[in-house]
Amino acid sequence: MRDVKPPFKFDLRDLLARARQKINDRVSGVSIKIPFLTFSVQPEATETRVAKEIVIRLANRRVLNTFECCDACIDKALGSLHEIRSLLVDKQVELSNFANGPLYLIVELMLEAIRQFFTFEERLRNHRDSVFELPGHFRPSDSREPYFAALEMLRAHLHRCLFHVSIIAGTDIPKIADHMQYDQAWQLEAYEKPAIDDGKA
């Protein structure tokens, strides 16, 4: 993330708790690092195939490749995120027989972050003209600032998830411009911390 203070925190604690229960016995294969948890997995052939499709399709999405800096661009970014969510739900259906697998988990992490971003953005729109104070001490009159900070936080999350999808796929992420890429160190202050921290990300 590019030195932007998170305007809210992603709450993935339930997903991480379920993940710990599913993957504690997996000790070999490729290494996957998600916030507060690191584990090794041996992806199945179906997971590898679906992961490759996710990498190709998401890397071409405008919201992950272009800065959004105007009202019209905000609408385009939200539209692109809705398309990403639809794609990921379709891939979940395809992975229904692998619901305990690593790819399904990462897709869940992406979908949950998108859902929470939409909730935050909706609160911004609904309270723009009120005296309601938003998380992070942003006021509605400055709603563009927390929106862009939240979008930046979501982009960083999706990029880092996509990086680990590419590990499962055994391929590189194509076509994302250098200036829109992120390092692989999770910005842990952007996430609610689980009660038990079993691993490091």
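The values are calculated or read from the model by the stated rules, or taken from the named source; none is laboratory data. As the structure is a computational prediction, the values presented were derived from the model and not from experiment. Using ideal geometry, Cβ is built from the backbone for each residue, glycine included, and neighbour counts are taken over all protein chains shown.
Somewhere in the range 2-22, is a residue more than 14 Å from residue 161 (Cβ to Cβ), modelled with pLDDT under 90 and within 15 Å of the chain's Cα centre (by Cα)? Within the range 2-22, one or more residues are more than 14 Å from residue 161 (Cβ to Cβ), modelled with pLDDT under 90 and within 15 Å of the chain's Cα centre (by Cα).
The residue pairs whose first member lies in the range 53-65 and is closer than 19 Å to residue 151 by Cα and among the acidic types (Asp, Glu), whose second member is at pLDDT 85 or above and not in a helix (DSSP H, G or I), and whose beta carbons are closer than 9 Å, counting only pairs six or more residues apart or on different chains, do not exist in this structure. Residue count for the range 31-63 satisfying the condition of being aromatic (Phe, Trp, Tyr) and within 11 Å of residue 102 (Cβ to Cβ): 1.
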